[in-house]
Structure formats: C-alpha cells, structure tokens
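The values are calculated or read from the model by the stated rules, or taken from the named source; none is laboratory data. Given the structure is predicted, the values throughout are model-derived calculations rather than measurements. Neighbour counts are summed over all protein chains in view; Cβ atoms, including those assigned to glycine, are modelled from backbone coordinates with ideal geometry. Each accessible area value is taken on the protein alone, full model and side chains, heavy atoms only, with ligands, DNA and RNA left out. Shrake-Rupley method; radii C 1.70, N 1.55, O 1.52, S 1.80 Å.
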Amino acid sequence: MHNQMKKFIKIVLLATTLLAVAGLYESCSKDNNTGQPRIDYVRITRPESSDSLLIGAGQGMLIAIVGENLKNTTQIWFNDQPAVLTPTYITNTSILVSVPSQIPKKVTNVMKLVFSDGKELLYNFVVQISKPLVGSMVSEFVNDGDIATIRGDYFYEPVTVTFPGGKVAEKISVTDKLLQVKVPAGTTTGQIIVTTNFGTTKSDFFFRDNRNIFLDSDPYEGWWNSSYVVSSPGPGDPPKISGNYLRFKKAIGAWSWNELAGGPASAMPVHSKNIPDDAIIKPADYNLKFEVNTVKPYNSNMVKINVALNAEDNDAYLWTPPIDTKGQWQTVVIPFETVVASYKVKPTVNPAGYWSRILFHGPGDLDADISFDNFRVVPKVAK
C-alpha cells in the first residue's frame with residue numbers, strides 16, 4: 001500500500017511537470033506570435049549561398065527576408081513600388097519576395113513591411129538600379145539644331161543629356177535603350193553626359209571628335225584625289241558635318257582600282273603624324289572610326305583601308321558591304337586591333353609619320369555615291 005502511494009505521487013508530480021512545461025512552451029509561443037515584428041537580415045535564396053547577406057538587390061531579384069513575427073505581413077514596398085506577395089512564401093520567420101522591376105519615382109532606399117493591423121516596419125535596403133549606360137551614337141558628328149541618336153541602356157525618365165559646352169539638349173524621344181535629342185546651339189567637342197535619378201555617366205566617345213585624325217581633307221593632303229573633296233555641297237548633297245568631306249560618286253567595275261585618299265607621310269605633313277604612339281603599341285585600346293553617308297547603298301565591291309603603316313603595302317583591312325545610311329551620316333567603329341591583324345607587316349612607331357590609303361577594289365560592280373569624313377584612331381575608353 002505504501003509503495004502504491006509513492007508510485008501515485010510520482011505520477012502526479014510527473015504530470016504536473018509536463019503540464020507546466022507545456023504551459024511554458026505555449027506561453028513562449030504566444031509571446032513569439034504576438035511580439036513585435038522584426039527583420040534580422042536579408043539574404044539570397046540559393047541554398048549554397050544562404051550565408052550571403054544583402055544590403056541591397058537588383059530589380060526582379062528573389063530575396064529572403066528573415067526575422068520574427070512576420071506572418072501577418074500584407075504588403076512590402078521597395079522605395080515607392082509595391083512587391084507582389086505570395087501567401088505560401090510568408091511564414092512567421094521568413095518571407096520570399098521578388099524586388100519590383102518597376103522604376104521608383106522616389107528613391108528612399110527603404111523597404112517597408114505593412115501588417116494586417118496597419119503597423120509598419122522599416123528596413124534600410126537599396127534597390128540597385130543601374131546608372132545610365134552610354135554606348136555609342138548613330139553619328140558622333142551632328143550639326144547644331146539637328147537630331148542626335150544615343151544608344152545605350154537604363155535611360156530612365158527623368159533623364160537629361162548635356163552636350164560639350166554645358167548645354168542641356170531638348171529631348172525628342174526616350175526609351176530605355178535609345179535617346180533622341182536636339183543638339184543645342186553652341187555645342188563644342190567632348191564627352192556627352194547622361195543623368196537620371198540613378199546616376200550620371202560620361203560617354204567614352206567624344207562628340208565631334210577631332211582627335212588623331214589622319215584623313216579628312218581639312219586641309220586636303222596626299223596623292224589621291226582632290227577631285228573628290230566637297231567644300232560647298234549643293235541642294236540634295238550630304239551636308240557638311242566637319243568642314244570638307246570626300247565624296248566618291250561614280251560607277252565602278254569589279255576589281256577596278258580606285259584610290260579615294262591617302263599617300264605617304266611626306267605628302268601628308270599635317271595628318272600623317274596624328275596617330276598616337278600608344279595606338280601602335282597597344283592597338284587593342286583603340287578604335288578606328290570614320291563617318292560615312294551613302295546616297296546609294298554600298299552593296300558590292302570593297303573598301304580597303306590602310307592606316308599607320310611605315311610604307312606602301314597592299315595588305316589592307318577589308319571594309320565589306322553592305323551598308324545603307326539612306327543619305328544620313330553615321331559613325332563606323334572598327335576595333336583597331338582588328339585592323340592591325342589584317343597586316344602581314346605590323347605597324348611600328350614612326351616619328352616621321354605614317355602611310356595611309358582608302359581604296360575601292362573588290363568583287364562586283366558598284367554604282368557608288370558614298371561620302372566619308374574624319375578618319376581617326378581614338379581611345380576606346382576616355383581617361
């Protein structure tokens with residue numbers, strides 16, 4: 001009887017202890033469920049990188065918000081843009097959500113959680129939106145008052161374009177990847193600046209680039225061919241964009257030999273020394289550029305380009321058709337290392353200057369009406 005009483009007392013004590021522990025667990029659980037929401041950290045969602053914590057993320061990126069008492073979240077805002085929430089991705093300790101792709105009108109660098117009781121939780125978090133990318137222009141030479149087209153990305157409104165000389169351009173058309181603007185009066189030579197709410201970028205190219213020009217007929221120099229120089233264009237002719245230009249307007253047969261411009265250094269004292277030594281030593285850092293205007297399509301034959309050679313050489317870079325600018329000036333960009341790779345005899349630095357030539361010579365007849373200007377070798381990246 002005594003032993004049975006002791007066993008009964010043990011059972012009662014054990015039951016009381018279990019009830020107390022259960023009550024304590026329930027109390028703790030209730031405290032967690034009804035406590036103040038908090039965010040401990042934000043991380044990426046890939047399991048192999050779960051220890052990578054974030055203070056910001058790009059547009060459209062899926063992130064994990066980790067904390068406590070988050071299950072009653074009904075809205076999440078990044079800057080002034082709402083995120084789309086999936087209820088099954090919301091638990092008491094974590095939320096999976098994608099950063100909105102929409103561009104904020106007002107940037108606060110704050111993430112805001114809104115809960116079912118109307119309370120809010122703020123957390124510093126940067127939506128990483130790229131500053132403008134200024135890639136190239138359809139033509140780097142455009143007259144004041146005419147329309148210039150800039151290629152790139154992240155051209156998010158409000159956007160401003162400032163030309164060399166400090167004048168802000170009038171916008172004609174804006175998309176994420178293309179800007180059309182009117183060139184302001186008084187524009188000079190230099191980098192174009194594009195600014196949005198997310199940053200400012202200067203172009204690596206120069207507008208109206210007058211650096212390192214080795215052929216342009218201002219003044220005319222060389223062995224060939226002064227008759228192609230246009231100084232006073234008439235109605236319907238391509239307009240001048242940078243002084244005189246070269247116009248090749250004739251019907252030519254396949255493999256006929258037609259020199260447009262160029263010559264040895266001795267015949268071109270103003271231009272032949274303009275190619276920088278650094279371009280000869282490190283051609284991969286430079287581009288060959290020129291402007292072209294086709295009144296009739298360049299759709300046959302071949303243009304052979306020699307630049308930066310120490311002597312006459314029929315090895316040349318082959319600028320192949322087709323191109324049709326429909327009577328508008330466009331800038332052609334060719335990596336200078338590609339040009340140099342065309343030569344069997346590689347250029348070497350020559351303080352006396354360089355031999356150059358632009359030649360029509362190739363397969364196919366061509367009814368040509370094509371103009372050129374501003375042959376130059378310029379850095380790919382502005383320093």
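Out of the residues in the stretch 94-136 that are among the hydroxyl-bearing types (Ser, Thr, Tyr) and assigned to a strand (DSSP E or B), state the one that is nearest to the chain's Cα centre (by Cα). Steps first, answer last, please.
Narrowing the stretch 94-136 to residues among the hydroxyl-bearing types (Ser, Thr, Tyr): 94, 98, 101, 108, 116, 123, 130, 136.
Pick out the ones that are also assigned to a strand (DSSP E or B) and you get 94, 98, 123, 136.
On the way: SER94: 36, SER98: 25, TYR123: 31, SER136: 8 Å.
The residue in question is SER136.
Would you be able to tell me the number of residues in the stretch 324-336 that are open to solvent by 40 Å² or more (accessible area, probe 1.4 Å) and touching a residue at least 60 places away in the same chain (Cβ under 8 Å)?
3
Hey, among the residues in the stretch 185-204 that are part of a loop (DSSP other than H, G, I, E, B) and among the aliphatic types (A, V, I, L, M), which one's nearest to GLN128 (Cα to Cα)? Steps first, answer last, please.
Taking the stretch 185-204 as the starting set, the residues that turn out to be part of a loop (DSSP other than H, G, I, E, B) are 185-189, 191-192, 197-198, 203-204.
Next, from what is left, pick out any that are among the aliphatic types (A, V, I, L, M): 185, 192.
On the way: ALA185: 36, ILE192: 24 Å.
So, considering only residues that are part of a loop (DSSP other than H, G, I, E, B) and among the aliphatic types (A, V, I, L, M), the one nearest to GLN128 (Cα to Cα) is ILE192.
Conditions (1) touching a residue at least 60 places away in the same chain (Cβ under 8 Å); (2) assigned to a helix (DSSP H, G or I); (3) at positive phi; (4) surrounded by fewer than 21 Cβ atoms within 10 Å (Cβ to Cβ), marked per residue:
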site: SER256; (1), (2), (3), (4): yes, no, no, yes
site: PRO269; (1), (2), (3), (4): yes, no, no, yes
site: SER272; (1), (2), (3), (4): yes, no, no, no
site: ILE275; (1), (2), (3), (4): yes, no, no, no
site: ALA279; (1), (2), (3), (4): yes, yes, no, no
site: LEU288; (1), (2), (3), (4): yes, no, no, no
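Can you tell me how many residues within the stretch 139-184 are over 14 Å from PHE207 (Cα atoms), touching a Gly at 6+ places or on another chain (Cβ under 7 Å) and part of a loop (DSSP other than H, G, I, E, B)?
The total comes to 1.
Against the definition (within 27 Å of LYS171 (Cβ to Cβ), at pLDDT 95 or above and surrounded by 14 or more Cβ atoms within 10 Å (Cβ to Cβ)), how does VAL110 come out, yes or no? Full working, then the answer.
Numbers: within 27 Å of LYS171 (Cβ to Cβ): no; at pLDDT 95 or above: yes; surrounded by 14 or more Cβ atoms within 10 Å (Cβ to Cβ): yes.
For VAL110, the condition - within 27 Å of LYS171 (Cβ to Cβ), at pLDDT 95 or above and surrounded by 14 or more Cβ atoms within 10 Å (Cβ to Cβ) - is not met.
Condition first: touching a residue at least 40 places away in the same chain (Cβ under 8 Å) and either open to solvent by 10 Å² or more (accessible area, probe 1.4 Å) or among the polar types (S, T, N, Q) (or both). Now tell me which residues in the stretch 142-156 satisfy that.
If the condition is that a residue be touching a residue at least 40 places away in the same chain (Cβ under 8 Å) and either open to solvent by 10 Å² or more (accessible area, probe 1.4 Å) or among the polar types (S, T, N, Q) (or both), then VAL142, ASN143, ASP144, GLY145, GLY152, TYR154, TYR156 are the ones that fit.
Considering every residue within the stretch 300-323, establish whether at least one is among the hydroxyl-bearing types (Ser, Thr, Tyr), at negative phi and open to solvent by less than 20 Å² (accessible area, probe 1.4 Å). Break it down into steps so the answer makes sense when it comes.
Step one: filter the stretch 300-323 for residues among the hydroxyl-bearing types (Ser, Thr, Tyr), giving 300, 317, 320.
Then keep just the ones that are at negative phi; that gives 300, 317, 320.
In the following step, the residues that additionally are open to solvent by less than 20 Å² (accessible area, probe 1.4 Å) were identified as none.
No, because not a single residue in the stretch 300-323 is among the hydroxyl-bearing types (Ser, Thr, Tyr), at negative phi and open to solvent by less than 20 Å² (accessible area, probe 1.4 Å).
What pairs come out if I take residues in the stretch 337-352 that are touching a residue at least 60 places away in the same chain (Cβ under 8 Å) and pair them with residues that are open to solvent by 60 Å² or more (accessible area, probe 1.4 Å) and among the polar types (S, T, N, Q) whose C-beta lies under 8 Å away, six or more apart or interchain?
That search, which allows pairs on different chains as well, returns PRO347/ASN310; THR348/ASN310; ASN350/ASN310.
State yes or no: is ASP176 charged (D, E, K, R), in contact with a strand residue (DSSP E or B) (Cβ under 7 Å, 6 or more places away or on another chain) and free of Cβ contacts under 8 Å to residues at least 60 places away in the same chain?
Numbers: charged (D, E, K, R): yes; in contact with a strand residue (DSSP E or B) (Cβ under 7 Å, 6 or more places away or on another chain): yes; free of Cβ contacts under 8 Å to residues at least 60 places away in the same chain: yes.
For ASP176, the condition - charged (D, E, K, R), in contact with a strand residue (DSSP E or B) (Cβ under 7 Å, 6 or more places away or on another chain) and free of Cβ contacts under 8 Å to residues at least 60 places away in the same chain - is met.
State the number of residues belonging to the stretch 58-73 that are open to solvent by less than 50 Å² (accessible area, probe 1.4 Å) and modelled with pLDDT under 95.
Residues flagged as open to solvent by less than 50 Å² (accessible area, probe 1.4 Å) and modelled with pLDDT under 95 within the stretch 58-73 amount to 2.
Could you list, in sequence order, the residues of the stretch 74-93 that are surrounded by fewer than 18 Cβ atoms within 10 Å (Cβ to Cβ) and part of a strand (DSSP E or B)?
THR74, GLN75, GLN81, PRO82
How many residues does the stretch 357-383 contain that are closer than 21 Å to TRP329 by Cα and either of a type outside the set (Lys, Arg) or exposed (fewer than 13 other Cβ atoms within 10 Å of the Cβ) (or both)?
15
So, of the residues in the stretch 127-141 that are among the aliphatic types (A, V, I, L, M) and at pLDDT 95 or above, which turns out to be surrounded by the fewest Cβ atoms within 10 Å (Cβ to Cβ)?
We begin by selecting, within the stretch 127-141, every residue among the aliphatic types (A, V, I, L, M); these are 127, 129, 133-134, 137-138.
Now narrow it down to the ones that are at pLDDT 95 or above: 134, 137-138.
On the way: VAL134: 23, MET137: 21, VAL138: 17.
Looking at the filtered set, the residue picked out is VAL138.
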